[in-house]
Amino acid sequence: MESAVEGRTASVLFAGFRALGLFSNDIPHVVRYNALKRRFYVTTCVGKSFHTYDVQKLSLVAVSNSVPQDICCMAADGRLVFAAYGNVFSAFARNKEIVHTFKGHKAEIHLLQPFGDHVISVDTDSVLIIWHIYSEEEYLQLTFDKSVFKISTILHPSTYLNKVLLGSEQGSLQLWNIKSNKLLYTFPGWKVGVTALQQAPAVDVVAIGLVSGQVVIHNIKFDETLMKFHQDWGPITSISFRTDGHPIMAAGSPCGHIGLWDLEDKKLINQMRNAHSTAISGLTFLHREPLLVTNGADNALRIWIFDGPTGEGRLLRLRMGHSASLTKIRYYGQNGQQILSASQDGTLQSFSTVHEKFNKSLGHGLVNKKIVKRKGLQNTMSVRLPPITQFAAEEARQSDWDGVIACHQGKLSCSTWNYQRSTIGAYFLKPKNVKANSATATAVDITSCGNFAIIGLSSGAVDVYNMQSGIHRGSFGDEKAHAGSVRGVAVDGLNQLAITAGSERLLKFWNFKSKVLVHSLSLDSPPNVMLLHRDSGILGLALDDFSITVLDIETRKIVREFSGHQGQINDMTFSPDGRWLISAAMDCSVRTWDLPSGCLIDCFLLDSAPLNVTMSPTGDFLATSHVDHLGIYLWSNISLYSVVSLRPLPPDYVPSVLMLPGTCQTQGLEALEEQIEPSDEMIEYESPEQLNEQLVTLSLLPESRWKNLLNLDVIKKKNKPKEPPKVPQSAPFFIPTVPGLVPRFAVPEPTSDPQQSKVVNLGILAQKSNFYLKLEEGLQNNQYEGALNLLKELGPSGIETELRNLSPEDGGSIEAMRSFLSMIGVMLDRKRDFELAQAYLALFLKCSCCIWLVGVRIA
């Protein structure tokens, strides 16, 4: 067993399944048109894979297979999607499978441009390579001096056969013929770097975005500038033109604003401020449609429609996740299909583990929602609440009143939220006698009935509020519950006991109704995280010394103590049955502790420290969130669908680092197969046929095969029909026929011997059964395994028939009967199939053949 544990490095309980809440990053999207389905599709990058959405409903169509590294740029034509990662790029067919891989660059690729049957790639060293797509061979390679001309953008001008336009960080542009490998023309530029190139609807006209915020509309045929526009928001990140009859150009900026320019009047007609909370990664007008697709690093994909008289776009559809790292995640409800998550971006969102169409955002918390509605404020940044640090949710009364309570960073008051209406609630719960800047809310909990909320403050006070009315219903302690800051609060399932933990190393038990202190317990170190499993009454405490203490709230005693983490414990969760306690810490480890045995049974490392961990109420998934990651990562519970050998891990166990799961489900399943196949953990115990020669071993046959052998006559008597079968009125007369393909009547053959006897010789017709033959063989070689196996396959009636046929009166012999008794003796000597031997022998003695044998011996 020790060798198996030493050889194990991966997690035996959890396997990466998929990631939730990821929709886009800083890589520009790609828009494609499917002529067969007559639909537009948009492809966005999410780390090591990309998503393809149907623009009509913005529904997820496909998720690509993962690549070894994060994707750094994308491009697409009518058939394939190209994605570069590191110094390699691949072509994907059907938005999923890698069909071609191109290797040859020595630096990271940052530009891709499809070019008919070829594709152009440019790396950060300004090395341009043209590849043939289907043969994966290099067609042409151009090397540029980075100090003179460092390629920043690439464009294939419309109607310009075999030509590409290159923009540089130095500001100049070059037009190349890639078939003849010649530089056709050099544009001097505007002495600032080029950041974007976009073909205008007019031939020979190109829009050039600059670092200075200028957009230059330039005729490359005559090298003539037609018009210039300037935006004060920084460099131009992307450019797009409307092609539905309106001469409008859209330009993106690093601050999330979009400028809309009228090309006829040469002026700014509108501004789409705060279209994204981060830089506009890409924007594209759909061909001949008033729709604008945008994406950004804020993990959002938005579609805007221009159907108003002012020319301003309004939001039509969006797919949005969190734009900053998550602060808290918890499963909502008992079906295990929704995960509530709070983030540093100030939003509270719900993600579905079934399908993303069930995702919903509860929005930003506002200081005063009524004022915002009355004044019609467009920019609500000034009235938004700080990020949520802790929250508690209960669905018991969600249809009647608010069922979520949250405390905010640096705020005294706690906000209520309504999950069904997907909005912030009506109340801000805070004590009246405490100044706003003197304390902050640090811990919250909500009772299982959904009627009361309990809030702990940094000043040590713990208050109870009614969720329906928002009225203060009392406080624990005379002045305050703790001398230090409250680190955790919890209420049991019956609202009888409230538990609070303070930074002064005290754990206090209170009567929830009377608010009277019942018991106080001193801890070895200040608590950091407190978690109560209400069904079992087990309380988990993560302390500042990186240890975990488990208490029973009924006896109020410490029942388990765990140590092993090398960093601050960020979060804990219980399994639904309360047998496992799973902890996540800053040492990048996730550990599973078995409470009944008090042992560490599973541990794995991650490349990013886990901030939150929560387990599904159904036990099928473990969800985690991590530092500098915007998604929620699901890990499937292997013990639900596979045999898992859980063994205590030694103190010096060194776990392996697991990769975070991607957005494609098959990735986790393939990884699970790779882990299970070579594992030595799955050792199945095979029981021997006999444990010891001195022990009596029973057979595995069911009781119906041997228990009623002595009562067969009674059973047959009970099953005897009450009335004899009735003879049919006209009995059919069958003429004997000869079997064959063509039926013929059987003609009796004439007998040559008239003196032949008509008495039938039964000895000629008698046939010996297989059991009888095996008994005859046993007399010679003393091997009765074959005869016993045949007898085991028979039913009770068949066994009785075989034993009766051993009698000489029924065609048997005395030798066969002696052989049967020898078989019983062998079974008893070996002490195997003991109950069968007893039943067979009892039936044998009961049969009349045994009585006949006794009479012969007396004579």
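The values are calculated or read from the model by the stated rules, or taken from the named source; none is laboratory data. Fair warning: this is a prediction, and the values are worked out from it, not measured in the lab. So basically every Cβ, Gly included, is an ideal-geometry build from the backbone, and we count neighbours across all protein chains shown. Accessible surface areas use protein heavy atoms only, side chains included; no ligands, DNA or RNA. Shrake-Rupley method; radii C 1.70, N 1.55, O 1.52, S 1.80 Å.
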Check: When residues of the stretch 773-797 are filtered for being over 30 Å from V714 (Cα atoms), hydrophobic (A, V, I, L, M, F, W, C) and under 59 Å from the mean Cα position of the chain (by Cα), how many remain?
Finding: 0
Item checked: Of all residues making up the stretch 380-392, the number that are within 23 Å of S325 (Cβ to Cβ) and either touching a helix residue (DSSP H, G or I) at 6+ places or on another chain (Cβ under 9 Å) or buried (at least 22 other Cβ atoms within 10 Å of the Cβ) (or both) -> 6
Check: Using beta carbons and a limit of 7 Å, which pairs, at least six apart or on different chains, have the first residue in the stretch 774-795 and over 16 Å from R832 (Cα atoms) and the second one among the acidic types (D, E) and surrounded by 15 or more Cβ atoms within 10 Å (Cβ to Cβ)?
Finding: L794/E802
Check: Assuming L741 fulfils every condition listed in (1) open to solvent by 70 Å² or more (accessible area, probe 1.4 Å); (2) at pLDDT below 85; (3) within 22 Å of Q838 (Cα to Cα) apart from one, which condition is it?
Finding: (3)
Item checked: Filter result (in a strand (DSSP E or B) and at pLDDT 90 or above) within the stretch 412-426 -> C414, S415, T416, W417, N418, T423, I424, G425
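So, of the residues in the stretch 279-293 that are more than 18 Å from C72 (Cα to Cα) and of a type in the set (V, I, T), which turns out to be nearest to the chain's Cα centre (by Cα)?
For the stretch 279-293, the residue satisfying everything is V293.
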Next item on the list: Could you tell me whether any residue of the stretch 803-818 is free of Cβ contacts under 8 Å to residues at least 60 places away in the same chain, closer than 13 Å to Y784 by Cα and surrounded by fewer than 19 Cβ atoms within 10 Å (Cβ to Cβ)?
Entry: yes
Next item on the list: Go through (1) farther than 19 Å from I601 by Cβ; (2) open to solvent by 40 Å² or more (accessible area, probe 1.4 Å); (3) modelled with pLDDT under 85; (4) not β-branched (V, I, T) one by one and return the number of the condition Q675 breaks.
Entry: (1)
Notebook entry, point to check: Failed condition for Q568, given (1) surrounded by 21 or more Cβ atoms within 10 Å (Cβ to Cβ); (2) modelled with pLDDT of 95 or more, with all others met?
Noted result: (1)
Next item on the list: Find the residue count for the stretch 594-612, including only residues that are open to solvent by less than 10 Å² (accessible area, probe 1.4 Å) and more than 21 Å from the chain's Cα centre (by Cα).
Entry: 1
Next item on the list: Give the residues of the stretch 74-125 that are surrounded by 18 or more Cβ atoms within 10 Å (Cβ to Cβ), in contact with a Ser or Thr (Cβ under 9 Å, 6 or more places away or on another chain) and of a type in the set (S, T, Y), sorted by residue number.
Entry: S90
Next item on the list: Consider only pairs whose beta carbons are under 7 Å apart and that are at least six residues apart or on different chains; among these, list those whose first residue lies in the stretch 503-532 and is in contact (Cβ under 8 Å) with a residue 24 or more places away in the chain and whose second residue is among the hydroxyl-bearing types (S, T, Y) and loosely packed, with under 15 Cβ neighbours inside 10 Å.
Entry: L506/S520; L506/S522; K508/S520
Checklist line | Within the stretch 207-255, considering residues that are under 42 Å from the mean Cα position of the chain (by Cα) and aromatic (F, W, Y), the one farthest from G193 (Cα to Cα) | finding: F241
Next item on the list: Hey, can you tell me all the residues within the stretch 538-561 that are open to solvent by 10 Å² or more (accessible area, probe 1.4 Å) and closer than 23 Å to F621 by Cβ?
Entry: I538
Next item on the list: Scan the stretch 132-158 for residues that are of a type outside the set (D, E, K, R) and outside any strand (DSSP E or B) and jot them down.
Entry: I133, Y134, S135, F144, S147, V148, F149, H156, P157, S158
Item checked: Hey, I405 crowded, with 22+ Cβ neighbours inside 10 Å, touching a helix residue (DSSP H, G or I) at 6+ places or on another chain (Cβ under 9 Å) and not in a loop (DSSP other than H, G, I, E, B) or not -> no
Next item on the list: State all residues of the stretch 387-402 that are in a loop (DSSP other than H, G, I, E, B) and within 16 Å of G333 (Cα to Cα); if no residue qualifies, say none.
Entry: E394, E395, A396, R397, Q398, S399, D400, W401, D402
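May I ask you to list the residues in the stretch 615-655 that are among the small types (G, A, S), open to solvent by less than 40 Å² (accessible area, probe 1.4 Å), under 19 Å from W593 (Cβ atoms) and not in a loop (DSSP other than H, G, I, E, B)?
Within the stretch 615-655, just A623 meets the criteria.
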Next item on the list: Give the residue that is least open to solvent (accessible area, probe 1.4 Å), with candidates limited to residues of the stretch 408-451 that are among the small types (G, A, S), within 21 Å of G488 (Cβ to Cβ) and in contact with a Phe, Trp or Tyr (Cβ under 7 Å, 6 or more places away or on another chain).
Entry: S415
Notebook entry, point to check: Could you say which residue among T284, T278, T294 is surrounded by fewer than 21 Cβ atoms within 10 Å (Cβ to Cβ) and out of contact with any helix residue (DSSP H, G or I) (no Cβ under 8 Å at 6 or more places or on another chain)?
Noted result: T278
Next item on the list: Within the stretch 810-859, count every residue that is modelled with pLDDT of 80 or more and in a helix (DSSP H, G or I).
Entry: 30
Checklist line | Count of residues meeting criterion [more than 23 Å from V486 (Cβ to Cβ) and in a strand (DSSP E or B)] in the stretch 536-560 | finding: 2
